[in-house]
Structures are given as structure tokens and as C-alpha cells.
Amino acid sequence: MTGEAEIRAVLERITDPATGQALAAVGRIASVTVAGGAARVVLEIPPDRGPALVPLARRAEAEIARLPGIGRAAVILTAETAPRGDPPPALGPRPAERPAPRPVPGVERILAVGSGKGGVGKSTVAANLAVALAAEGRRAGLLDADVYGPSQHRMMGLTDRRPTSPDGQMIDPLRAHGVQLMSMGLLVPETQATVWRGPMLMKALQQLLFTVLWDRLDVLVVDLPPGTGDVPLTLAQRARVTGAVVVSTPQDIALIDARKAIDMFRRLEVPLAGIVENMSTFCCPACGHETPLFGHGGAEAEARRLGVPFLGAIPLELGTRLAGDAGTPVVAAEPDGPQAARFRAIARALVSAGMG
Ligand SMILES: Nc1ncnc2c1ncn2[C@@H]1O[C@H](COP(=O)(O)OP(=O)(O)OP(=O)(O)O)[C@@H](O)[C@H]1O
Ligand SMILES: [Mg+2]
């Protein structure tokens, strides 16, 4: 099966004919994730190399997509991250010119869903939480802020839809499964390789935040990209975020990253709504038996240690992935099933905490 090493090997193999330098050596490989037959690489590159490297990124995508078990590949070139070693910008005093976080029009609460590690199921949890909050009678919205690899338009079944703008300025959110939705994936074609520069990233995110005509939302669930990078930073700097949900799988390695995410939200002064343990046990599709494939209970113990609420455990279950891939989150596809009950319990806990 193809893993990170095989993907990195492709990036080592593809060289820039102009310089003889391998793609992997031009910048820093910020992340390599493989999930459900889709590979995603984020490569941090020097800003001035962007246009020259796009064809190489395309070639890498084609080669990675041909690896066994991989169907789709995206190589995202990013030039937006501050040079390594620079202090994270939000942690110093706020510069006078930077505006304070402000409320998003039409939105009562913002609930950010983040993780330290990629592929742990943030988008799945975010989509199902939004649908579950709607099922609990809340006016819920979902914003896909994963500018590098948006997935909510697919998970919510809106791949072919484009948002409309009644006045040429503000954008109407789309609606699916009782939830209002906006995603970078609705604005940028899925296959378009984009070189995100800092200002572009900020602008794209701000457009998503402040130019959507959200219709009186009780809560806007924001699906963040993995990690502790610029997107959560920008979100917390620009908008008043009510709370953050950190998603983790039970493995130690994921929990170490979850701790980093928790630390980031604390430093950004975003209250922690709690931790969700995803892929907590494996539900056998044939007999329903639950096996703790990756161990189980790690996130709950970690939550206790860190003094953060534990919101619940979501088993790894085939129907959940199939429902997500088919564009109907499992809470909507099987509203009376056990996964829906778990997500709805988390939604109720968030509502009672004033965060949902
Ligand atoms: N509880 C679950 N049961 C079964 N499959 C799941 C579950 N949670 C997530 N998945 C599947 O795992 C894959 C990764 O999930 P998802 O895209 O939600 O993760 P992510 O953390 O948002 O990833 P990224 O870091 O790339 O944004 C998807 O194919 C999804 O359907
Ligand atoms: Mg995601």
C-alpha cells in the first residue's frame, strides 16, 4: 500500500530542469496525507518560485495518482508560511494596525473544528456536527476553511453547485441537509493547483468569513485544515470564535499533535469546547462488534489531564465513510443509527455549554 515514503520518493525524483533541483529540495514538505485513496502534499516554497514550480507540481500529482491504492492526488504549493524560526505572529502584542476580532454578520456563535494531525476526521466530524446541531433545532452553518484541500462541498453533496451572488458582492450560502454551507471548494475548481501567498490566503478566508450572507445562524461550524498554521490564526484574529473542538484519534502520536492544537487555541484565547475521539473503535460491518483497533480512551484520558471537556467517542465505521463520500453525512443518511445518536449527543453537549 502506498504511504508517505512512496509519495516523498516521487517528490525526490521530479526535478526542475532549470536548476536540477528535486521538488522535495526546493521547499519544505509541510505535510503528506493519504486518506480514502486521495493523497495530499503541502509543499512550502519560496514565494518567487511559485509560477515555475506549478508544472512540476502537476507532474508530481500525475505520478502520485498512479501509485498503488491512490486515485487522486493534490500537490499544494504554499508560500504563505512565515520562515521557520519566526515567532508565530499572533503570540506577540497585537500590532496597532491589525483590527480586533469582530463578529461575523448573521452568525451568533463560531465553533472551530481543528486537529494537530491530518486525516483524523475533522471534516467528517465538522459535517456531522453541523447536521446534528440542525437536527437539534439549531440554525447551523458549515464553513470549509481548509483552503488547501476543501472537502465539505463533496461531503455535503454539493460538488457541482456554484454559489450565487445576488448583488455581485455578497455570496449566498448553499444549503444541504438542513445546513447552510460555504466552502473554498465552491469558489476554486477542485483540480486547480494554487499557489497561496499570505495575502491571498487572508483574502480568501476573509471573503469566506465576511462576504457570505449567512441567514441568522445560531452556530457556524468551521472546518479547519490540519495543524497549527495560518488558517486558525487568521480565523481567531479576524473573527470572534466562540469555541474550538479538537478531533484526535486515540493513538499517542495523534494525541501529541492534539495537545499542540489545544495549546494553540489556548494561546489564541479561543475557549476549548472539548476533544472528540474519532476512529475510536472499529465497528465490524458484518456483525457490529467493536474492536479498539488503535486503542481506545486515549483522548478521554488526555482531555482529563489537560483539563479540557471530553465530548465523546466516534467509532470507525464503514457506513460513516461511505455516507461522507456519497455526499450525505451519516447523521442525515442514518438519522436513527448509532453514529447519529453519538453526534447528536455531542451537539447537545455543545448547546448546553453555550457553544452550539
Ligand atoms: N468515524 C469514521 N468512520 C469511518 N470513516 C471515517 C471516520 N472519520 C473519518 N473517516 C474517513 O477518513 C477519511 C479522512 O477523514 P476526514 O477527511 O474527515 O479527515 P480530516 O481530518 O478532515 O482530513 P484532512 O486533515 O485531510 O482535512 C475520510 O475518508 C473519512 O470518510
Ligand atoms: Mg478535512
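Applying the criterion of being away from ligand 2 (no atom under 16 Å from the Cβ) and outside any helix (DSSP H, G or I) to the residues of the range 317-330, the residue that is farthest from residue 246 (Cα to Cα) is 326. In the set (1) open to solvent by less than 50 Å² (accessible area, probe 1.4 Å); (2) touching a residue at least 40 places away in the same chain (Cβ under 8 Å), the condition left unmet by residue 36 is number (1).
Candidates 310, 265, 282: the one that is modelled with pLDDT of 90 or more, more than 19 Å from the chain's Cα centre (by Cα) and among the hydrophobic types (A, V, I, L, M, F, W, C) is 310.
Of everything listed in (1) surrounded by fewer than 17 Cβ atoms within 10 Å (Cβ to Cβ); (2) assigned to a helix (DSSP H, G or I); (3) free of Cβ contacts under 8 Å to residues at least 60 places away in the same chain, the single unmet condition for residue 342 is (1).
Would it be correct to say that residue 272 is aliphatic (A, V, I, L, M) and either open to solvent by 40 Å² or more (accessible area, probe 1.4 Å) or modelled with pLDDT under 95 (or both)? In short, no. Quick check on my filter: what residues within the range 168-187 are surrounded by fewer than 14 Cβ atoms within 10 Å (Cβ to Cβ) and modelled with pLDDT under 85? Passing the criteria: 168, 169. Among the residues of the range 103-123, the ones that are away from ligand 1 (no atom under 15 Å from the Cβ), open to solvent by less than 20 Å² (accessible area, probe 1.4 Å) and modelled with pLDDT under 95 come to 1 in all.
Annotation note: of 346, 253, 314, the sole residue that is β-branched (Val, Ile, Thr), within 20 Å of residue 133 (Cα to Cα) and out of contact with any Leu (no Cβ under 6 Å at 6 or more places or on another chain) is 314. Looking only at residues that are within 14 Å of ligand 1 (Cβ to nearest atom) and among the hydroxyl-bearing types (Ser, Thr, Tyr) in the range 133-167, which one is least open to solvent (accessible area, probe 1.4 Å)? Looking at the filtered set, the residue picked out is 151. Scanning the range 282-306 for residues that are open to solvent by 60 Å² or more (accessible area, probe 1.4 Å) and touching a residue at least 12 places away in the same chain (Cβ under 8 Å) yields 282, 285, 290, 292, 293, 294, 296, 300. Taking the numbered list (1) of a type in the set (Ser, Thr, Tyr); (2) buried (at least 20 other Cβ atoms within 10 Å of the Cβ); (3) away from ligand 2 (no atom under 16 Å from the Cβ); (4) at pLDDT below 95 in turn, residue 242 passes all entries but (4).
Among all positions in the range 65-88, there is no residue which is of a type in the set (Gly, Ala, Ser), assigned to a helix (DSSP H, G or I) and modelled with pLDDT under 85. Taking every residue in the range 105-134 that is on the phi > 0 side of the Ramachandran plot and pairing it with any residue that is in a helix (DSSP H, G or I), at least 6 positions away or on another chain, the pairs with Cβ-Cβ distances below 9 Å are 121/320.
The values are calculated or read from the model by the stated rules, or taken from the named source; none is laboratory data. Model, not experiment: these values are computed from the prediction. Here Cβ is always computed from backbone atoms with ideal geometry, including for glycine, and neighbour counts include all displayed protein chains. Quick note on the areas: whole protein, heavy atoms, side chains included, nothing else; ligands and nucleic acids left out. Shrake-Rupley method; radii C 1.70, N 1.55, O 1.52, S 1.80 Å.
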